[in-house]
Amino acid sequence: MSFQRIGIGNAHLELKSTIEEQCQQRANQIHYVHLSQIALNEYAMCIDAKDVPSIEEIGQLLKQSNALETKGVVVIKSASHLATQLPDLLKEIYQETGQDFEGNASRTLRKKVYKSAQNVFHTTQLHHAITLPQHNEAAYHNAYPKIMVFYCKTPASKGEGATPLTKNNDLVRKLPKAILEQLQEKGLLYRRYLPSQTSPVTQAFHGFIQELALGTAFPYASWQQVFDCENRHVLEDKLKNLGAKQYTWMPNGGICYEVHKLPDDPVWLSPLGFYRFGSDTESGLRSLLEQMFSLIQQSCPHLDSDEIKQEVDQLSQLNLTSGWPCDLVGVPISEGILQQVRRTMIDQTVRFDWEEGMIMILNNHLVMHGREQFRTPEREIHVVFA
Ligand SMILES: [Fe+2]
């Protein structure tokens, strides 16, 4: 990954604190239901690894109980001895491995825990002040993981940094019928723009975000990073495998592609909660991006201002519409519907505190996850999926 240091000095500090304040304001609006110990047992299958210490025994128990197909969540306490065996545990409970969903990264860049070939990742590197909305992993594609195994190496402080859960069925049950029917009629068109690592504007923006120390606060990974490839034809093949039949190469080397989500797909509603997370409104996101790019341009006057304008346009567009695939065009979904879905999602979301050595296994087809904000930077959660 190459970053261009752009030397923005102190000019960005004010913007950084504005962004952090906005994150805090959004987080303050969100209150998830706290699962007491008893409710957690109802919501999920809970196991103490002292009773079933080996991977084989856990696998056996999950097969017998069918908990991952019924409850969709399994929590295993006191499992520190399994910390380095997450891929083996995943293999034991879910045989279908080897699917390359995106590459080494995702919408928000993911870092590997070990240098070895094993795909054990740190969970999202998004800035700790950001509340990551509820989502089924990679639900914006038509091929996505079925099982996710999380491991808590270091929890955040009590009451922070949880991985909140929402059952897909709870969201569908609670959504107003009129909204559901409207969305069911034509399904959702998810449009994704990924810039190119070769674009000078992209490199400058990456450098800016790094100097802002916001982590990957904005979903601004390049297609080369996300799909772990450099070749356009390789990417096109990958996109077809993920269900993206429509794609357009942009003049700046970036790509726009479109995935159609239909109601017979178990995770089809998930991208609605995730639709835009730089800001709550399109104008808010545009204004934030304009401020950022204006600072970038001050330090990098050689950058083409037309290209910058196009970048802001691409990034601030709402990436979700309703309709049939038709040359990257769909019918806008109203802010009202988006907010209603988001509110229902929040109301149906539950949380519990991570404990050191805790494992959580999710059926990604049945249960969404997110991330609460936290203040303790040492929080460390690992994840494997297949
Ligand atoms: Fe996720």
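The values are calculated or read from the model by the stated rules, or taken from the named source; none is laboratory data. Owing to the predicted nature of the structure, the values given are computational and were not obtained by experimental measurement. Backbone-built Cβ (ideal geometry, glycine too); neighbour counts: all protein chains shown.
Within the stretch 350-359, does at least one residue satisfy the condition of being within 14 Å of the ligand (Cβ to nearest atom) and in a strand (DSSP E or B)?
No, that holds for no residue.
Quickly run through the stretch 153-188 and pick out the residues that are surrounded by fewer than 19 Cβ atoms within 10 Å (Cβ to Cβ), of a type outside the set (Asp, Glu) and not in a helix (DSSP H, G or I). Within the stretch 153-188, LYS153, THR154, SER157, LYS158, GLY159, PRO176 qualify.
Pairs are defined by a Cβ separation below 7 Å, a sequence spacing of at least 6 or placement on different chains, a first member in the stretch 103-123 that is of a type in the set (Lys, Arg), and a second member that is at pLDDT 85 or above and more than 14 Å from the ligand (Cβ to nearest atom); the pairs so defined are LYS112/VAL120.
Within the stretch 218-267, the set of residues being surrounded by 15 or more Cβ atoms within 10 Å (Cβ to Cβ) and among the β-branched types (Val, Ile, Thr) comprises VAL226, ILE255, VAL259, VAL267.
Output the residues belonging to the stretch 360-383 that are within 16 Å of the ligand (Cβ to nearest atom) and under 21 Å from SER78 (Cβ atoms). Within the stretch 360-383, MET360, ILE361, LEU362, ARG379, GLU380, ILE381, HIS382, VAL383 meet the criteria. Candidates are the residues of the stretch 123-152 that are more than 12 Å from the ligand (Cβ to nearest atom) and outside any loop (DSSP other than H, G, I, E, B); the one that is surrounded by the fewest Cβ atoms within 10 Å (Cβ to Cβ) is ILE147.
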